[in-house]
Amino acid sequence: MLELLFLPILFFSVIVHEVAHGYAALRLGDETALYSGRLTLNPIPHIDPVGTIILPLFLFISHSPFLIGWAKPVPVNPYNFVNPRQDFAKVGAAGPLANIALAIISAMLLTVLNLTGLLGNFALIAGLLQYAVFINILLAVFNLIPIPPLDGSRILAAILPYDKAYKYERMMRFGPFFTLIVLWIFWPFIFKIVQVIAGLILYAAMAI
């Protein structure tokens with residue numbers, strides 16, 4: 001029962017991630033996401049058949065120890081920005097920052113349950129909030145990996161010299177391949193980092 005309720009939290013987290021990209025782009029002068037109807041928490045415009053439905057359901061049915069997924073990327077046109085490189089990096093950072101904010105909010109709600117003595121009475125909600133902390137930290141850490149087209153690549157491209165940034169951005173076509181290699185080799189390390197960060201946040205929430 002609890003595992004089934006993880007899916008809406010995952011969907012909401014990835015949607016907030018993409019909407020944050022769109023709002024950041026809008027604030028910086030690009031209205032592409034707005035006119036594409038993507039600045040909404042309505043899940044329908046954000047659904048990616050593989051990342052939002054097939055993969056999470058497969059992981060759930062196969063009793064995977066974790067659930068992960070993604071939404072359809074929000075369209076962004078960096079040529080509408082005043083400073084395309086720097087502003088595109090800010091748009092890229094907005095998604096992971098939104099997930100970190102969701103993790104902190106979830107931890108704060110756990111703190112409220114703990115301080116009011118209601119934690120034991122709302123064990124189901126507490127479990128969902130703990131998962132929300134973990135999955136949002138996972139989404140943030142994963143997306144900050146500097147491999148195109150992940151958000152970390154936009155941030156790194158903004159601080160590289162122009163000639164190196166150009167060569168780096170040409171890696172975009174090989175990005176999915178490199179991402180799979182990194183996940184295959186470094187997934188235990190990435191997972192451990194997420195566990196440590198999420199654990200510290202949850203410890204702080206329960207220690208107050």
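Checking the condition surrounded by fewer than 18 Cβ atoms within 10 Å (Cβ to Cβ), outside any loop (DSSP other than H, G, I, E, B) and free of Cβ contacts under 8 Å to residues at least 24 places away in the same chain, which residue from ILE190, ILE185, ILE104 passes?
ILE185
How many residues, within the range 149-184, are at pLDDT below 85 and under 26 Å from ILE135 (Cβ atoms)?
Selection size over the range 149-184: 11.
Working carefully through the options ILE68, ILE53, find the one that is within 24 Å of VAL194 (Cα to Cα), surrounded by fewer than 15 Cβ atoms within 10 Å (Cβ to Cβ) and either among the β-branched types (Val, Ile, Thr) or touching a Leu at 6+ places or on another chain (Cβ under 7 Å) (or both).
Residue meeting the stated conditions: ILE53.
Looking at the range 126-139, is at least one residue over 19 Å from the mean Cα position of the chain (by Cα), assigned to a helix (DSSP H, G or I) and within 24 Å of ILE181 (Cβ to Cβ)?
Filtering the range 126-139 for residues over 19 Å from the mean Cα position of the chain (by Cα) gives 126-127.
Then keep just the ones that are assigned to a helix (DSSP H, G or I); that gives 126-127.
From what's left, within 24 Å of ILE181 (Cβ to Cβ): none.
So far as the range 126-139 goes, no, none of its residues is over 19 Å from the mean Cα position of the chain (by Cα), assigned to a helix (DSSP H, G or I) and within 24 Å of ILE181 (Cβ to Cβ).
Go through LYS72, LYS90 for me and flag whichever is under 17 Å from ARG27 (Cβ atoms) and under 19 Å from the mean Cα position of the chain (by Cα).
One residue alone meets the criteria, LYS90.
Where the second residue is hydroxyl-bearing (Ser, Thr, Tyr) and the first is within 15 Å of SER153 (Cβ to Cβ) and lies in the range 76-91, which pairs have Cβ atoms under 8 Å and are six or more apart or on separate chains?
Pairs that qualify, where the first residue is within 15 Å of SER153 (Cβ to Cβ) and the partner is hydroxyl-bearing (Ser, Thr, Tyr), are VAL76/THR32.
Looking at the range 28-73, which of the residues that are hydroxyl-bearing (Ser, Thr, Tyr) and part of a loop (DSSP other than H, G, I, E, B) is nearest to SER13 (Cα to Cα)?
Only one residue fits best here, namely THR40.
Residues LEU59, LEU109, LEU113: which one is in contact with a Leu (Cβ under 6 Å, 6 or more places away or on another chain), without any contact (Cβ under 8 Å) to a residue 12 or more places away in the chain and either within 30 Å of LEU160 (Cβ to Cβ) or buried (at least 16 other Cβ atoms within 10 Å of the Cβ) (or both)?
LEU59
The values are calculated or read from the model by the stated rules, or taken from the named source; none is laboratory data. For clarity, every value in this text was computed on a predicted model and none was experimentally measured. Ideal geometry is used to build each Cβ from the backbone, glycine not excepted, and the neighbour counts take in all protein chains shown.
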